[in-house]
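Inspection log for the structure reproduced underneath, given as structure tokens.
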Amino acid sequence: MAPSTTSQQTGALAGRLRLILRGPNESGVRATWRVLLAMPVLWVLTGGVLAGNIQTAVPWIPSGQAPMAGLAQSVLHAGFFLLALAVWARYLDARPLSEYGVSATPAWLLDLAAGFGAVVVGFVVWLGLGVTLGDVTVTTALSSPQGSLGVGLLVVAAALLLHAAVQQLVFFRVILGSAAEGLGSRDLSRTWAFAGALVVAVVLFVAMHGSTAPLRVLDLVVAGCVFGLLALHTGELALGTGAHFGALAAGSVLFSPAANAGSGPAVFQVTGSLPGLLGTANEYGFPKMVVAYLALLAWLQWRRGEIPVGNGTVQPAGD
């Protein structure tokens, strides 16, 4: 075979592969590939692999269950994740990190606080209902199994905030945004593109937690829908990160279940629950998340004068 023919075939194959990976737009990898790669690259690589072997890989990180050990692990996890995200943004997504829904502006931080506060209010409302009905007892704990309560709370809060931020970026910015972008480029209406992207993000969010218990799955689905909808409403992660952080903190530290007594710092200890589905006491607590979501819709209406949908989330030209 003539060298020129071989060169032409090689060039044609390279062109087809480039089209499969990038599509007609050379600015970034196709949205479909970004959705499929987000879990193994951004979550498993930076979360599951590193966090599971952190003392072996980095011996100078504190070991054991002390609060500082957990914080050191979370900081290293977050740092490694940010490095991976920077590479992802540059070479796969072809967009600056400033477009990933996180900033340090006063308005963004205020929304972060609002998300946290709304979930705490949701927990207070639901636990208050349980106390009123006589099914729940809430007692003051103010205890920490290791060292000062104040230090313990700060360390755990920092670790939980980092954990929430990483999950929000992976599932409700990278995956949700890429899926919405890809679906929006396939002649779907914005509504259907948003709905499909939300389903994709929530399914992967639930799968990441690896639970098959029906109540646990329901809890994760509702929480995932709330986080995804908040991202779709604003195009940012402030409300979702605040709500995610609030759910983790309220369910484990602020209102610690009696079964977890002595396992970490606690402000209040909760005994009992409302009956049936209303008493779901999983990681997020779906009744509380629904209350929080409704409160945040009111917050958006008050702050912005409307409840927006899809602010900058779908960009069909990227696929």
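With 0.36 nm allotted per residue and the present C-alpha distance subtracted, the Arg304-Ala113 stretch has 67.1 nm of extension available. Subtracting the Cα-Cα distance of Ala258 and Ser148 from 0.36 nm times their residue separation leaves 37.6 nm of extension gain.
Taking packing as the residue-averaged number of other Cβ atoms within 10 angstrom, the listed peptides 84-90, 164-170 run from highest to lowest as 164-170, 84-90. Round to a whole angstrom and tell me the spacing of the C-alpha centers of region 91-130 and region 192-210. One Cα centre to the other: 19 Å. May I ask you to list the trypsin sites (Lys or Arg not before Pro) in region 152-213 that are in a DSSP loop and have at most 16 other Cβ atoms within 10 Å of their Cβ? For trypsin sites (Lys or Arg not before Pro) across region 152-213 that sit outside H, G, I, E and B with at most 16 neighbouring Cβ atoms in 10 Å, the list reads Arg186.
Potential lengthening of the chain between Val138 and Thr271 amounts to 47.2 nm, from the contour at 0.36 nm per residue minus the alpha-carbon distance.
Rounded to 0.05, the FRET efficiency of the Ala207 and Val290 pair, given R0 = 25 Å and the Cβ-Cβ distance, is 0.65. For region 138-205, the C-alpha radius of gyration divided by 2.2 N^0.38 Å, with N the number of residues, is 1.76.
Read-outs throughout are calculated quantities, based only on the coordinates presented, and are distinct from any laboratory measurement. As the structure is a prediction and not an experimental result, all values here were calculated from the model. Cβ sites come from the backbone with ideal geometry, for glycine too, and all protein chains shown count toward neighbours.
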